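Asker: Could you have a look at this structure, given as structure tokens, before my questions?
The values are calculated or read from the model by the stated rules, or taken from the named source; none is laboratory data. It should be emphasised that the depicted structure is a prediction, and the values quoted were computed from it without experimental measurement. FYI the Cβ positions are ideal-geometry reconstructions off the backbone, even for glycines, and counts take in every protein chain you see.
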């Protein structure tokens, strides 16, 4: 242990003994910058991230308006992963609920909106719990492979 006049015999190290020197810090900074440059220049990490971004870009957003006691459009065609947004433009509350109850937007009041991510289990007819004569349908299609 170095001879430290402030900590003589206490077993503690001086403040400077535990810090990293400037040369060591500079070496770490240079190494991490080179690593970052390699990834950004087309390393496999970047390729994996671009694949995720492409999948996100492939998804679409569909809007179903609820107006005049109807779903407009009443039939939509979506791919798994697409977003479906219901917007209630009626004074009365509505829901969009699967006939078998597997999914539900819950109650939507005037100007409320709810977005769900389309899954294979959502294919089929849906209705409004408060107005059972209101019907809509979700048709699923597979995403085009590129």
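Asker: If you go through region 89-102, how many residues are surrounded by fewer than 16 Cβ atoms within 10 Å (Cβ to Cβ) and within 23 Å of the chain's Cα centre (by Cα)?
Answerer: Within region 89-102, residues that are surrounded by fewer than 16 Cβ atoms within 10 Å (Cβ to Cβ) and within 23 Å of the chain's Cα centre (by Cα) number 1.
Asker: Tell me, yes or no, whether region 57-69 has at least one residue that is outside any loop (DSSP other than H, G, I, E, B), out of contact with any strand residue (DSSP E or B) (no Cβ under 7 Å at 6 or more places or on another chain) and modelled with pLDDT under 95.
Answerer: Yes - at least one qualifying residue is present in region 57-69.
Asker: Applying the selection to region 75-88, what residues are under 20 Å from residue 59 (Cα atoms) and over 21 Å from the mean Cα position of the chain (by Cα)?
Answerer: 75, 76, 77
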